[in-house]
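Trainee: I have a structure here, written as structure tokens, and I will follow up with some questions on it.
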Amino acid sequence: MSKQYIVVGSVTYAMRGRDVLSGNAISSRVEKISDSRLGGCGYALYVPDDFEKAVKLLLDNGIKIKGTLRGDNVDIF
């Protein structure tokens, strides 16, 4: 299975997002990524499990998401 990323605009949002997910028992890791499909360099949360739930939790908690990467699939928010 390929890695699943939730892409955010800054390291601050990535760290806040990690804390939100951790508080809801969802494992994640902050990673710096480079993907031209989402505007070049940025930060993302690698979320191995509960991906859809993680996206919803972040949005519900005011974390601005640029998009998601799942293998070759890109969704821009």
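Computed from the coordinates by the stated procedures, all read-outs in this text should not be read as laboratory data. The structure presented is a predicted model; accordingly, all values stated were derived computationally and were not measured. In this analysis, Cβ positions are derived from the backbone assuming ideal geometry, glycine residues included, and neighbour counts consider all displayed protein chains.
Trainee: Under a crude label model (7 Å from the Cα following the beta-carbon direction), how far is K32 from T12 in nanometres?
Mentor: Distance between label points: 1.8 nm.
Trainee: Quick check for me: using +1 on Lys/Arg Cβ and -1 on Asp/Glu Cβ, what's the dipole size of the chain about its Cα centre, in debye to the nearest 20?
Mentor: Rounded to the nearest 20 debye, it is 180 debye.
Trainee: Within the stretch 39-76, find all residues whose amide N lies under 13 Å from a label point positioned 7 Å from the Cα of K3 along Cα-to-beta-carbon.
Mentor: 42-48, 69-72
Trainee: I need the per residue convex hull volume for the chain, using only the alpha carbons, in cubic angstrom as a whole number.
Mentor: In the chain, the Cα hull volume divided by residue count equals 76 Å³.
Trainee: Right, here's the next one. Report the relative contact order of the chain, percent, no decimals, based on alpha-carbon pairs under 8 angstrom and at least 6 residues apart.
Mentor: 42
Trainee: Next question, about the same structure. Quick one: helix 11-23 against the long Cα principal axis of the chain, what's the angle to the nearest 10°, folded into 0 to 90?
Mentor: Tilt relative to the chain: about 40 degrees.
Trainee: If we sort 55-68, 2-15, 21-34 on the protection proxy, mean other Cβ atoms within 10 Å, highest first, what's the order?
Mentor: 2-15, 55-68, 21-34
Trainee: Under the rule of at least 5 residues apart or a separate chain, name every residue whose amide H is placed under 5 Å from the amide H of K3.
Mentor: G71
Trainee: Any idea what angle helix 51-60 forms with the longest principal axis of the chain, computed on alpha-carbon atoms, 0 to 90 degrees, nearest 10?
Mentor: Orientation of helix 51-60: about 70 degrees from the principal axis.
Trainee: OK, next. I'd like the FRET efficiency for D19 and K64, computed as 1/(1 + (r/R0)^6) with the beta carbon distance as r and R0 of 22 Å, rounded to 0.05.
Mentor: With R0 = 22 Å, the Cβ-Cβ based efficiency is 0.90.
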